Amino acid sequence: MSTLPSKTLDSTREFFRRDQVWPFLAPEQATVNVDNQVILYVEGLNLSFDGFKALNNLNLYVNDGELRCLIGANGAGKTTLMDVITGKTQCDSGTVFFGQNHNLLNKDEAEIAQLGIGRKFQKPTVFEEQTVFDNLELSLKTDKRVLPTLFSRLTPTQIDRIDEVLKTIGLAKHRFMLAGALSHGQKQWLEIGMLLVAEPRLLLIDEPVAGMTAQETERTAELLTSLAGERTVIVVEHDMEFVRSIARTVTVLHQGSVLAEGTMNQIQSNKDVIEVYLGEEAAAGEHA
Amino acid sequence: MNDMVPVLVEIEATSEEAVLPIFQYLVEGSLHYIKTSKQLVAQVEVSGVIRYKDLLTGQVVADLSKSDVDKIRVNNTLRVYLRNAIARIQLSAKSPSVRESAVRSLLSKLDQETVATLESLYPNETNKKVKEAMALALAMNTAAQTQLAPSNRIAAIDTLSTSLESDVRNLLTQLTRDGNAAVVSAANAALEKIAQRVNRFAFVDQLFFGLSLGSVLLLASIGLAITFGVMGVINMAHGEMIMLGAYTTYVVQLIMPNYIDYSIWVAIPAAFLVSGLMGVLIERLVICRLHGRPLETLLATFGISLILQQLVRTIFSPLNRQVSTPSWMSGSWEINPVLSLTLNRLYILAFALLVFIVLVIVLKKTSLGLNVRAVSQNRNMAKAMGVKTHWVDAMTFGLGSGIAGIAGVALSQLTNVGPNLGQSYIIDSFMVVVFGGVGNLLGTLVAAFTLGIATKFLEPTTGAVLAAILVLVFIILFIQKRPKGLFPQKGRAAE
Amino acid sequence: MTRLTAWFSEGRSTGKHTLPFVVILLSVTILASAANLFLPADSAFYVSTYTITLLGKYLCYAMLALAVDIIWGYCGILSLGHGAFFALGGYAMGMYLMRQIGDRGVYGNPLLPDFMVFLDWKELPWFWLGMDQFWFAMLMAVLVPGLLAFVFGWLAFRSRVTGVYLSIMTQALTYALLLAFFRNEMGFGGNNGLTDFKEILGFSLQADSTRVALFLITAILLAVIFVVSQKILSSRLGKVVLAIRDSESRSRFIGYRTDRYKVWLFVYSAVIAGIAGALYVPQVGIINPGEFSPINSIEMVIWVAVGGRGTLIGAVIGALLVNYAKTRFTAIMPDAWLFALGAMFVLVTLYLPKGLMGLYGQLKAKRNSVMNKESQA
């Protein structure tokens, strides 16, 4: 007999079971479970804007410590995918897991960032009214709640960490300069520095070398390859030369879903890819 | 004095419509006679001066001063008799509408004589409406007669239950205290039935007031919606554009005092031009220099609104100005005894919809509209495609302000025109825009009418102030759930 | 506690204007107070009680300007509803002062304020209970604006209402309160508000010494709030706040729950406004719904804009200057004031985006560069 009162009683009993912890009391698990070597699971992702399918049943798995390049024509869904992973955009359906234990779709941008996912935008966005040092201080991996932030002080380790990153990104001399006064390339570097100082598990990097000189591009390539292994890096880039120089695995997106995946050589010989992407690129290259 | 009655009865017996004016002037107390000739004249006012009119010819009798005439006095008994007599004479008037209103005016004072007249006229009456009204009067008479058989009275009460006249309701209320139980229950049932219908019409009345408020809100906010949608800036001086439109109406009426009926047709384009030009001026001088700084634009336009208000106070004085309503807009449309719609509100409702439709056509069909839509969707892309965004901004601002000016013309017909006119509508207009969603005219339309109707339906239960507060609180909460309004712009461009 | 002292003694930059500001503020107030209390009325240096009250009023406005600047200048949230928090604080103080009148009102009712007797009310509404206790009333002066700011901010910032939208909503908030407080049924004196106060904590409000004391307390609280705000804004929290102003989405992507920062800053700002209101009412002797009117709230913004937003000292200077100008203007040619105010709005936004402090900074930079050139030559 399961009348309504007895049901209620049952669920109440269930709720007060002594051998379990209520979900809202369970401590937030800070660790990322990567037992299966996979750090990012993207499955069946769909998203449309007013009928335009930006993401179409997209599936993507990224291994822990991998350096992955995403390529694809404009509108292929690269930036949109990053928006969904970082919580900027809500998707219509699908799942996104960080490790096995963190469902990213029910978290907001700040929570996702605190889990250790860093993002760099196409257009460099730094806090222009503050110094380079302050920009990095803000990005440190610390307790980011309101009161702890109010009473926080820089520890010597944190200062060392910032100095180290300043050296890496070549802005040590400009530490007290306002970020707004930096050149475009320097801003790109500062933004990468802000990612590094936060010690993320996963970096999403959107067109890192746009506006950089050949020399700077080379340094970026070096930096990104050195990061891989310890951290997972996903790079979106249009510069095929750059992609070739860093990529081990390349994923080609087309019209919101994965068209092909493999090494650069595999991709270059893939018939579909040549047709929809490299073909255009090659044509454009010849034209230029 | 009462010796006049037999004479009047005799006159009435002639049943001539021509005697009607005499009776009417007599009731009004404006019937006079010239002392020397005993000729009857009526006192009339011609452009503020008292004159006397010959009753037969209708001509004004020249050179007649107050001392030459004497007033024919009537007492209360006589007045009651006269009113009934007028109604009875009107009963046989040629125009059906005169006859009908005569019957209705008799409902409150049915005496033997009137009933007799009605009974004699009833069989020969051809007009359906007049006949219905007569039947009603006779039914009232029947129902009120306690000596008649209850079944007859109950049948009469049934007839009465279809009427909305307040006299009928008074009678029925009296009948609920009748000696006969069957009559009482029939009267109660009839009252119930009438109450239901009255409620229904009260609902329609409220709805109308809601729509009317909605139309005002629509007019006031639609210009704001355009400028906010296209340029992303809030024009705090928008209310003052409305005020300028209202003052333009006032000035136009000052210029052509003898053509008040036509003044509004001059005022509408004039107000559009005045407010529109002011809008273009503000855009070129201030707003275009603050591009990309919406909060500063808000402050600067607020400063402009202060200046404009003070300017109007200096020129026209801080006191309210009265704008006359053209005769064709005054009065009301009486649908039935409990429902009448004021004509000015009705015209403004139609006008608001017309303005809305014209605006939609302008935005959809003209090249200006194409440019405006392009800029509002993606300013940089539009610029890259060769759209002169500066020009579009100025024109949009002019258009939005011009419509505000037109709204001012409409508002001047509803309220007094004063320096604070715009202020009282500006916050409501903002709420409409926020509620409806930016860059969406349909949203503005829906939001304006929703808010207007909601306010008017809340008012009877909560009072006007609390209704306004509740609506504001509702929008504050609504915006939490849907920050982009009812009909948000979607897609990547909306970011 | 040790954490607090450590926080205060830490060597972060506290803004170079803080110390001079506090010194000048306190010395001027002390000198003016002494001149009022100890000098004879015919002395050349005598400061009239009227002037003392006027200065006290200005300091309340300065405090209010600080509140607006903290939220607008530092966090980019243009609130057009800060008058509401100010007025709520003022009403809390007004209710206390009302209850202090006791049976000395026109109707001589020991419990009910005059307007309630006039409205034929029989008992005190529940929200007037406890307001005869000074501490409770002061708690309310802080708590009510804070709570309103919390609820509003929590709703607005969580659903990411920003920019002009937010400004309009704050304006609607104060407008709704304006309408509400005009109603007699609300129990706050309706149109006339609360007035005819007699004494505060047993001291007559008409006495010079009470006026001077209120003035001094206002100055001291202004100094305290200035220092604490400077401290907060120069901590890492202040940097986060600036970061939110300059790029909110970026701040989110590096892990800050920007909505919470905004809510707490908004609450802090509202509390300051509430304190300013509570100090304002005993000095001017009246609080009425007019304080809720949207134009008041927007005027506060222009004080900050004139002085220079994003600098606390700028907000204070702006409030003092504009209000001094207002006093002078309205005395000489009342009609011209609105023209002047309107022009100020337009000119400051067009030509002085950083206010007088920005102008000062520019001039100094120019002089420095000239001097550098000369020294090089």
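The values are calculated or read from the model by the stated rules, or taken from the named source; none is laboratory data. Computed from a predicted model, the values in this text were never measured in an experiment. Don't worry about glycine lacking a Cβ; one is built from the backbone with ideal geometry, like all the others, and counts go over all protein chains shown.
List every residue pair whose Cβ atoms lie under 7 Å apart, where the two residues are 6 or more positions apart in sequence or sit on different chains, the first residue falls within segment B:342-361 and is over 15 Å from residue B:331 (Cα atoms), and the second residue, located anywhere, is among the charged types (D, E, K, R).
If the second residue must be among the charged types (D, E, K, R), no pairs are left.
Residues to consider are B:281, B:285, B:290, B:311; find the one that is buried (at least 20 other Cβ atoms within 10 Å of the Cβ) and within 14 Å of chain C (Cβ to nearest Cβ).
Residue meeting the stated conditions: B:290.
Only one residue in B:198, B:168 is outside any loop (DSSP other than H, G, I, E, B), more than 29 Å from residue B:464 (Cβ to Cβ), in contact with a helix residue (DSSP H, G or I) (Cβ under 9 Å, 6 or more places away or on another chain) and in contact (Cβ under 8 Å) with a residue 60 or more places away in the chain, so which one is that?
B:168
Does any residue of segment A:93-100 turn out to be outside any helix (DSSP H, G or I), within 22 Å of residue A:255 (Cβ to Cβ) and without any contact (Cβ under 8 Å) to a residue 40 or more places away in the chain?
No; the residues of segment A:93-100 include none that is outside any helix (DSSP H, G or I), within 22 Å of residue A:255 (Cβ to Cβ) and without any contact (Cβ under 8 Å) to a residue 40 or more places away in the chain.
Quick check: anything in segment B:467-477 under 23 Å from residue B:230 (Cα atoms) and modelled with pLDDT under 90?
Checked against the condition, which is being under 23 Å from residue B:230 (Cα atoms) and modelled with pLDDT under 90, segment B:467-477 yields at least one hit.
Conditions (1) under 26 Å from residue C:18 (Cβ atoms); (2) away from chain A (no Cβ under 11 Å); (3) not in a helix (DSSP H, G or I), marked per residue:
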| position | (1), (2), (3) |
| --- | --- |
| C:211 | no, yes, no |
| C:255 | no, no, yes |
| C:259 | no, no, no |
| C:269 | yes, yes, no |
| C:278 | yes, yes, no |
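What number of residues in segment A:1-50 are of a type in the set (A, V, I, L, M, F, W, C) and either modelled with pLDDT of 65 or more or touching a helix residue (DSSP H, G or I) at 6+ places or on another chain (Cβ under 6 Å) (or both)?
Summing the residues that are of a type in the set (A, V, I, L, M, F, W, C) and either modelled with pLDDT of 65 or more or touching a helix residue (DSSP H, G or I) at 6+ places or on another chain (Cβ under 6 Å) (or both) in segment A:1-50 gives 12.
On the given criteria, is residue B:113 assigned to a helix (DSSP H, G or I), in contact with a helix residue (DSSP H, G or I) (Cβ under 7 Å, 6 or more places away or on another chain), among the charged types (D, E, K, R) and within 30 Å of residue B:166 (Cα to Cα)?
No.
Out of the residues in segment C:102-121 that are part of a helix (DSSP H, G or I) and in contact with a Phe, Trp or Tyr (Cβ under 7 Å, 6 or more places away or on another chain), which is surrounded by the most Cβ atoms within 10 Å (Cβ to Cβ)?
Within segment C:102-121, the match that is surrounded by the most Cβ atoms within 10 Å (Cβ to Cβ) is C:114.
Looking at segment B:378-406 only, could you name the residues that are polar (S, T, N, Q) and either under 13 Å from residue B:270 (Cα atoms) or buried (at least 23 other Cβ atoms within 10 Å of the Cβ) (or both)?
Listed by number, the residues that qualify are B:396, B:401.
Name the residues in segment A:41-76 that are over 20 Å from residue A:232 (Cβ atoms) and crowded, with 22+ Cβ neighbours inside 10 Å, would you?
Hits for segment A:41-76 are A:47, A:54, A:55, A:76.
So, in segment A:146-158, how many residues would count as being surrounded by fewer than 19 Cβ atoms within 10 Å (Cβ to Cβ) and in contact with a Phe, Trp or Tyr (Cβ under 9 Å, 6 or more places away or on another chain)?
Number satisfying all stated conditions: 5.
How many residues does segment A:218-231 hold that are surrounded by fewer than 19 Cβ atoms within 10 Å (Cβ to Cβ) and hydroxyl-bearing (Ser, Thr, Tyr)?
Number of matching residues: 2.
Out of all the residues in segment B:407-452, which are within 20 Å of residue B:264 (Cα to Cα), small (Gly, Ala, Ser), buried (at least 24 other Cβ atoms within 10 Å of the Cβ) and away from every other protein chain (no Cβ under 14 Å)?
B:407, B:408, B:410, B:412
Counting only residues that are buried (at least 24 other Cβ atoms within 10 Å of the Cβ) and over 23 Å from the mean Cα position of the chain (by Cα), which one in segment B:235-266 is nearest to residue B:402 (Cα to Cα)?
B:241
Hey, residue B:139 hits all of (1) assigned to a helix (DSSP H, G or I); (2) surrounded by fewer than 16 Cβ atoms within 10 Å (Cβ to Cβ) but one; which does it fall short on?
(2)
For (1) over 30 Å from residue A:62 (Cβ atoms); (2) touching a Ser or Thr at 6+ places or on another chain (Cβ under 9 Å); (3) of a type in the set (D, E, K, R), each residue gets a yes or a no:
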| residue | (1), (2), (3) |
| --- | --- |
| A:160 | yes, no, yes |
| A:164 | no, no, yes |
| A:173 | yes, no, yes |
| A:184 | no, no, no |
| A:189 | no, yes, no |
| A:194 | no, yes, no |
| A:198 | no, yes, no |
| A:202 | no, yes, no |
| A:208 | no, yes, no |
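Of (1) hydroxyl-bearing (Ser, Thr, Tyr); (2) farther than 15 Å from residue A:199 by Cβ; (3) not in a helix (DSSP H, G or I), residue A:149 satisfies all except one. Which?
Of the numbered conditions (1) hydroxyl-bearing (Ser, Thr, Tyr); (2) farther than 15 Å from residue A:199 by Cβ; (3) not in a helix (DSSP H, G or I), the odd one out for residue A:149 is (3).
Out of curiosity, is residue B:104 surrounded by fewer than 20 Cβ atoms within 10 Å (Cβ to Cβ), in contact (Cβ under 8 Å) with a residue 60 or more places away in the chain and over 19 Å from residue B:22 (Cα atoms)?
yes
Name the residues in segment B:237-266 that are assigned to a loop (DSSP other than H, G, I, E, B) and modelled with pLDDT of 90 or more, would you?
The one that is assigned to a loop (DSSP other than H, G, I, E, B) and modelled with pLDDT of 90 or more: B:237.
Quick check: anything in segment A:87-105 of a type in the set (Val, Ile, Thr), at pLDDT below 90 and either in contact with a Lys or Arg (Cβ under 6 Å, 6 or more places away or on another chain) or surrounded by 17 or more Cβ atoms within 10 Å (Cβ to Cβ) (or both)?
Scanning segment A:87-105, I find at least one residue that is of a type in the set (Val, Ile, Thr), at pLDDT below 90 and either in contact with a Lys or Arg (Cβ under 6 Å, 6 or more places away or on another chain) or surrounded by 17 or more Cβ atoms within 10 Å (Cβ to Cβ) (or both), so the answer is yes.
Got a number for residues in segment C:221-245 being in contact (Cβ under 8 Å) with a residue 60 or more places away in the chain and either more than 10 Å from chain A (Cβ to nearest Cβ) or in a helix (DSSP H, G or I) (or both)?
Result for segment C:221-245: 16.
Among the residues of segment A:119-130, is any within 8 Å of another protein chain (Cβ to nearest Cβ), part of a helix (DSSP H, G or I) and polar (S, T, N, Q)?
The answer is no, given that none of the residues of segment A:119-130 is within 8 Å of another protein chain (Cβ to nearest Cβ), part of a helix (DSSP H, G or I) and polar (S, T, N, Q).
So residue C:265 clears everything in (1) under 23 Å from the mean Cα position of the chain (by Cα); (2) aliphatic (A, V, I, L, M); (3) more than 30 Å from residue A:117 (Cβ to Cβ) except one condition, right? Which one?
Here residue C:265 clears every test but (3).
Are any of the residues in segment C:321-334 surrounded by fewer than 18 Cβ atoms within 10 Å (Cβ to Cβ), free of Cβ contacts under 8 Å to residues at least 24 places away in the same chain and in a loop (DSSP other than H, G, I, E, B)?
yes
For segment B:314-334, how many residues meet the condition of being away from chain C (no Cβ under 14 Å) and touching a residue at least 40 places away in the same chain (Cβ under 8 Å)?
Residues meeting the conditions: 11.
For segment A:144-182, how many residues are under 15 Å from residue A:220 (Cβ atoms) and of a type in the set (Gly, Ala, Ser)?
1
Filter segment A:116-145 for residues that are touching a Pro at 6+ places or on another chain (Cβ under 7 Å) and farther than 19 Å from residue A:186 by Cα; which is surrounded by the most Cβ atoms within 10 Å (Cβ to Cβ)?
So, considering only residues that are touching a Pro at 6+ places or on another chain (Cβ under 7 Å) and farther than 19 Å from residue A:186 by Cα, the one surrounded by the most Cβ atoms within 10 Å (Cβ to Cβ) is A:117.
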